[in-house]
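A short write-up of the structure that comes next.
The values are calculated or read from the model by the stated rules, or taken from the named source; none is laboratory data. Just so it is clear, the structure is predicted and the values come from calculations on it, not from any experiment. Cβ sites come from the backbone with ideal geometry, for glycine too, and all protein chains shown count toward neighbours. Areas reflect the complete protein model, heavy atoms only, side chains present, ligands, DNA and RNA absent. Shrake-Rupley method; radii C 1.70, N 1.55, O 1.52, S 1.80 Å.
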2 protein chains.
Amino acid sequence: MKKVSLKDIATEAGVSTALVSYVLTNKEKEARIGKEMAEKIREIARKLNYQPNHIARSLKSGRSYTIGLIVADISNPFFGNIARTIEDEAKRNNYTVIFGSSDENVDKSRDLISVLLNRQVDGLIITPTEGSEQQIAQLKTMNVPFVLIDRYFPEIPVSYITINNYQSAYDAVSHLIKMGKKQIGMVAYKTSLQHINERKRGYHEALRDHDLLPKNSLLKLARYAHLKEDLKTAIDQLRNAKKPADALFFATNTLAIEGLKYINTLGIRVPEDLAIVTFDEGEALDLFYSPVTFVRQPIMDMGKAAVRVLLDQIIAAKKETAVICMDTELVIRKSCGNH
Amino acid sequence: MKKVSLKDIATEAGVSTALVSYVLTNKEKEARIGKEMAEKIREIARKLNYQPNHIARSLKSGRSYTIGLIVADISNPFFGNIARTIEDEAKRNNYTVIFGSSDENVDKSRDLISVLLNRQVDGLIITPTEGSEQQIAQLKTMNVPFVLIDRYFPEIPVSYITINNYQSAYDAVSHLIKMGKKQIGMVAYKTSLQHINERKRGYHEALRDHDLLPKNSLLKLARYAHLKEDLKTAIDQLRNAKKPADALFFATNTLAIEGLKYINTLGIRVPEDLAIVTFDEGEALDLFYSPVTFVRQPIMDMGKAAVRVLLDQIIAAKKETAVICMDTELVIRKSCGNH
């Protein structure tokens, strides 16, 4: 396949090669040549599947046209899907994404930030790990363009993309209450991360608003590094209580999937014996015999917003922090009973 | 947390700082100081969670201590798990991994190879996409250390890690035959990639060896970019045939999961109406009402081998190509009937 050149695009658009180059490499200045013409040129570039020459562009602009992405655990499909979305959106903007996975390890996170910065990325998108506040604060003082996604530190004023964790959890638990459930347990992570704590708060407030707050907490916390054993203990405790849990709210997809595997081994029937709601989607939750009701995060919109906010910093040199909080959707399926 | 220094390790081991540095940065020469002492020092470094200073090490050695990994689709948990394994193993060798996802797109693959090489990675691990033969051949002429994993091009003699695709498929289909199935369909990708074609060959030979080769092929091919629609057509054709398929062999986890979603909507019962076997594991296959029999790839061993072969090229400057072919395991569960 012949490589498409700027000249090919110029010929098709009926303009000069210089103008095409100007449009495709200087997005921020496109107002000068008219939006319509700029859009026409970009459209032709897309149609012809134009592949910009990164090195030539870099020499001209001093940019690397590369974004660094650090996710918390690449083996978790939630992050795999976020990575995929960010990559697609970056590609649309002629950026390449290179990424790393911190595996929820603060030292690895520090390593990755330094490795990616040394590799001259133009900016970073990060799902920060617990305890990485200092790293994030330092990035801010270094004037590195970056944006957080999924997680954030409320005390550090930087740009981030998140969802309304409190309201999403509140709505999920309220649905269980509406379905007549009285002993609603929750399994979350033992963590200081704000997004998980907001989900706990939503659970708590939904129970309180419906006068269902139990004397002994039905909220169980699992350690990330001891997930399976802590989940077993939690579920055993919830089911063997004097008033056994009749519903469970899982704070993440990983907790739900591991939890359901264990619930299956106990012969507990969903939803007859136990209703289930979880955060996050997953193939496993679709194929479960009782498809699981879940809080759908707008992953595609989140990824797009992260790239947009980052490119605003890189290209348009925006200095203001952008905090974007998105709404979720409760997708109701069989796992909470008939509705 | 105080950063652990070479001196801390030296004190604990009762040796000089120079010796510790020698061991931790010159693996290839460790024979000179004795294997036992080298192992002791590394053990202490691990225990104290020593984080080497990448920049200082790079200046000394001319290496970046970074590996580039290019997977075919990061949103596929199979590749997410490979990435995670490679990262863990690289970390054990004090290497950091940065990765990219080619999304089965040959242009994106070319971009990523050039971006990662420009970022001075010491070597590459690649799951090559269809049509990237030239890129791989070029890497070879450039003397870049690299190794392929999962996929390979038989006509290009480079190092790669693979599994015995032919035998694995042969065994999976033979199991269906042993369970009394007569009309065994297969759904694979329409691709020139050798690993998929070897799986088709295994299917074909297993049928032939048991005198079950049908006149009209029960082998259906789906296009990667039109997965869902092609799967529906394939399954409809297989089920509506004069002699409907009584068993299905899926060539990958993605095909199996999408296929099972569609099969569910048709009210087909597994294994009563249709027995199922697939390549690759997945949470969704575990949580399916009839847990799916699958070919387990030794992902962890594959990832470890890829890192080892690559580091042999980088550190020990090995020139011979290493081809490692691993065996798989057929994990038998409910989806093929009682056994």
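One Cα centroid belongs to the range B:318-339, the other to the range A:101-128; the line between them spans 34 Å.
Just going by the charge dipole of the range B:183-339, with Lys and Arg at +1 and Asp and Glu at -1 on Cβ, which of B:Val295, B:Asn197, B:Thr321 is farthest out on the positive end? The listed residue farthest towards the positive side: B:Asn197. In order along the range A:255-271, phi translates into HN-Hα couplings of 4, 5, 5, 5, x, 5, 4, 5, 4, 4, 5, 8, x, 6, 9, 9, x Hz, rounded to whole numbers, per the Karplus curve 6.51 cos²θ - 1.76 cosθ + 1.60 with θ = phi - 60° and x for Gly and Pro.
Can you compute log10 of I(q)/I(0) for the range A:113-201 with the Debye formula, treating each Cα as one identical point scatterer, at q = 0.12, 0.17, 0.18, 0.19 Å⁻¹? At q = 0.12, 0.17, 0.18, 0.19 Å⁻¹ the computed log10 ratios are -0.48, -0.77, -0.82, -0.88. Ranked by solvent-accessible area (1.4 Å probe, protein heavy atoms only, all chains present), the residues A:Arg269, B:Arg223 order from largest to smallest as A:Arg269, B:Arg223. Counting only residues at least eight positions apart within a chain, or on another chain, the lysines with an alpha carbon under 24 Å from that of B:Lys178 are B:Lys200, B:Lys215, B:Lys220, B:Lys242, B:Lys243, B:Lys334.
Inter-chain Cβ neighbour count for A:282-292, averaged per residue, equals 6 (cutoff 10 Å, partner chain atoms only). Based on Cα contacts under 8 Å between residues 6+ apart, chain A shows a relative contact order of 17 percent. Taking one quarter of the surface of the C-alpha convex hull of the range A:164-292 gives a mean projected area of 7.4 nm². The heavy atoms of A:Arg42 present about 40 square angstrom of accessible area, all protein chains included, probe 1.4 Å.
Karplus-derived 3J(HN,Hα) values for the range A:190-198, using 6.51 cos²θ - 1.76 cosθ + 1.60 with θ = phi - 60°, are 7, 7, 8, 5, 5, 5, 6, 5, 5 Hz; glycine and proline are entered as x.
When the Gaussian network model of chain B links Cα atoms closer than 10 Å, the mean-square fluctuations of B:Glu39, B:Glu272, B:Glu89 top out at B:Glu39. Ordering B:Pro214, B:Val173, B:Ile136 by Cα displacement along the dipole of the range B:119-225 toward the positive end leaves B:Pro214 in first place; charges were set at the Cβ atoms of Lys, Arg (+1) and Asp, Glu (-1). Here the calculated FRET efficiency for B:Val323 and B:Ser114, from their Cβ-Cβ distance with R0 = 25 Å, stands at 0.45, rounded to the nearest 0.05. Size of the protein assembly as shown from its Cα atoms: along the principal axes, largest to smallest, the extents are 71, 69, 62 Å. Computed with a 1.4 Å probe on the full set of protein chains, the accessible area for B:Lys220 sits at about 40 Å². Per the accessible-area calculation with a 1.4 Å probe, the total area buried between chain A and chain B rounds to 3900 Å².
Under Stokes-Einstein, with the Kirkwood radius over Cα pairs as Rh, the value for chain A at 37 °C and 0.692 mPa s is 148 µm²/s. Computed over Cα pairs, the Kirkwood radius of the range A:218-280 leads via Stokes-Einstein (0.890 mPa s, 25 °C) to a diffusion coefficient of 210 µm² per second. Note on chain B: with a GNM built from Cα contacts shorter than 10 Å, the maximum mean-square fluctuation among B:Met179, B:Met302, B:Met142 falls on B:Met142. Largest GNM mean-square fluctuation across A:Gly131, A:Gly100, A:Gly180, computed for chain A with C-alpha springs under 10 Å, falls on A:Gly180. Taking the Cα centre of chain A as reference, the dipole from Cβ charges on Lys and Arg (+1) and Asp and Glu (-1) amounts to some 480 debye.
Pop out a list of residues from the range A:100-117 that are at least 40 Å² less accessible with all the protein chains around than in their chain alone; 1.4 Å probe, no ligands or nucleic acids counted. In the range A:100-117, residues shielded by partner chains: A:Asp103, A:Asp107, A:Lys108, A:Asp111, A:Val115. Partners of B:Lys319 within straight-line reach, counting lysines whose Cα lies under 17 Å from its Cα and excluding those fewer than 8 residues away in the same chain: B:Lys140. Annotation: the antiparallel percentage among DSSP beta bridges lying fully within the protein assembly as shown is about 10. A probe of 1.4 angstrom, applied to the heavy atoms of all protein chains, finds B:Asp312 with accessible area near 50 square angstrom. Stretching A:His210 away from A:Ala225 to a fully extended chain increases their span by 2.0 nm, per 0.36 nm per residue minus the current alpha-carbon distance.
Put simply, the amide H of B:Thr328, placed in the peptide plane, has neighbours under 5 Å in B:Asn164, leaving out anything fewer than 5 places away on its chain. Taking label points 7 Å from Cα along the Cα-to-Cβ direction, B:Ala241 and A:Arg296 give a separation of 3.6 nm. Bridging of B:Lys40 to aspartates and glutamates at a Cα separation below 18 Å is possible for B:Asp8, B:Glu12, B:Glu28, B:Glu30, once same-chain residues fewer than 8 apart are set aside. Taking the protein heavy atoms of chain B in the context of the full set of protein chains, the accessible area attributed to carbon and sulfur is 50 percent at 1.4 Å. Its DSSP H runs of at least 4 residues, each contributing -39,500 (n - 2.57), put the calculated 222 nm mean residue ellipticity of chain B at -14000 deg cm²/dmol, to the nearest 500.
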